[in-house]
Amino acid sequence: MDKATHQIKTFAACLSKLTDISVPWRHAANSAMTVHMPESHFDLVRVGLLTYGIPPTQGAGALSLSPALSIKARIVQVRNFSTGQTLSYGGTYTLTRPSRIALVSLGYADGYNRRMSNKSHVLICGKPCPVVGAICMDVIMIDVTDIPPVSTGEEVVLLGQQGDYKITVPDIAQWANCISHEVVSLLGARLPRHYVS
């Protein structure tokens with residue numbers, strides 16, 4: 001018997017002993033349990049990741065989920081840099097060619113994890129573009145050398161789809177070496193929320 005099955009059986013056994021206590025709502029299922037263990041449902045389930053259309057486990061990929069969360073920002077500046085110049089705090093990225101770098105007004109204070117420095121990419125003009133340099137509190141730097149010229153105000157997709165490419169919460173979790181729950185839980189309060197139907 002696996003651990004989850006054992007826990008559900010133990011929970012059910014405890015509930016059966018509560019004969020003199022009224023328990024109006026019995027629940028033990030998060031998103032993963034909702035998908036994989038119907039016996040864990042009891043009176044209700046608590047779907048967190050599923051609410052956003054995020055698969056809670058690798059085995060949940062067969063579900064027909066539609067992403068319900070995206071993160072977008074805008075380019076605030078584009079600058080040209082020379083070969084050999086370093087970017088960001090600590091000079092964590094050295095340019096190996098003349099490059100165009102776009103600054104985007106979003107950083108780790110908004111929940112864009114600093115552990116993704118020099119590992120992640122964003123979508124601009126429907127193309128993936130690498131995040132370069134250390135992710136700062138309020139800004140990230142994007143190498144836009146390989147796409148057509150962009151300007152201030154251009155949309156940047158950090159999570160979601162643009163053109164034929166998409167970035168998912170599991171992608172971000174992999175880049176940040178964390179779990180999907182951490183990605184959505186750390187989204188900062190200063191990120192504006194727009195609800196669409």
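Laid out as a table, the results:
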item: Meets criteria (basic (Lys, Arg) and in contact with a helix residue (DSSP H, G or I) (Cβ under 6 Å, 6 or more places away or on another chain)) for LYS119; result: yes
item: Index of the failed condition, THR145 passing every other in (1) under 30 Å from VAL196 (Cβ atoms); (2) in a loop (DSSP other than H, G, I, E, B); (3) modelled with pLDDT of 95 or more; result: (1)
item: Test set (1) closer than 19 Å to PRO55 by Cβ; (2) buried (at least 17 other Cβ atoms within 10 Å of the Cβ); (3) of a type outside the set (Asp, Glu) - GLN161 fails condition number; result: (2)
item: Hey, THR10 hydroxyl-bearing (Ser, Thr, Tyr), within 21 Å of GLN174 (Cα to Cα) and not assigned by TED's automatic domain parsing to the domain that holds MET137 or not; result: no
item: Residue in the range 26-49 that is part of a strand (DSSP E or B), over 25 Å from the mean Cα position of the chain (by Cα) and of a type outside the set (Ser, Thr, Tyr) present; result: no
item: Qualifying residue in the range 101-109 (condition: over 20 Å from ARG74 (Cα atoms), more than 13 Å from the chain's Cα centre (by Cα) and of a type outside the set (D, E, K, R)); result: no
item: Unique residue being touching a strand residue (DSSP E or B) at 6+ places or on another chain (Cβ under 9 Å), closer than 27 Å to ILE167 by Cβ and exposed (fewer than 13 other Cβ atoms within 10 Å of the Cβ) when the list is THR51, THR94, THR34; result: THR94
item: Any hit, the range 176-197, residues being part of a strand (DSSP E or B), in the same structural domain as GLY84 (by TED's automatic domain parsing) and among the hydrophobic types (A, V, I, L, M, F, W, C); result: no
item: Any hit, the range 97-109, residues being buried (at least 17 other Cβ atoms within 10 Å of the Cβ), on the phi > 0 side of the Ramachandran plot, not aromatic (Phe, Trp, Tyr) and not assigned by TED's automatic domain parsing to the domain that holds SER31; result: no
item: Subset of the range 125-138 that is over 16 Å from THR86 (Cα atoms) and outside any strand (DSSP E or B) - its residue that is farthest from the chain's Cα centre (by Cα); result: CYS125
item: Qualifying residue in the range 148-162 (condition: in contact with a helix residue (DSSP H, G or I) (Cβ under 7 Å, 6 or more places away or on another chain) and in a strand (DSSP E or B)); result: yes
item: Meets criteria (more than 24 Å from ASP171 (Cβ to Cβ) and either touching a residue at least 40 places away in the same chain (Cβ under 8 Å) or of a type outside the set (Asp, Glu) (or both)) for ARG115; result: no
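Per-residue answers, yes or no, for (1) assigned to a loop (DSSP other than H, G, I, E, B); (2) modelled with pLDDT under 95:
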site: LEU65; (1), (2): yes, yes
site: ALA68; (1), (2): yes, yes
site: ARG74; (1), (2): no, no
site: GLY90; (1), (2): no, yes
site: LYS119; (1), (2): yes, no
site: LEU123; (1), (2): no, no
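The values are calculated or read from the model by the stated rules, or taken from the named source; none is laboratory data. These numbers were taken from a predicted model, which means no experiment stands behind them. Backbone-built Cβ (ideal geometry, glycine too); neighbour counts: all protein chains shown.
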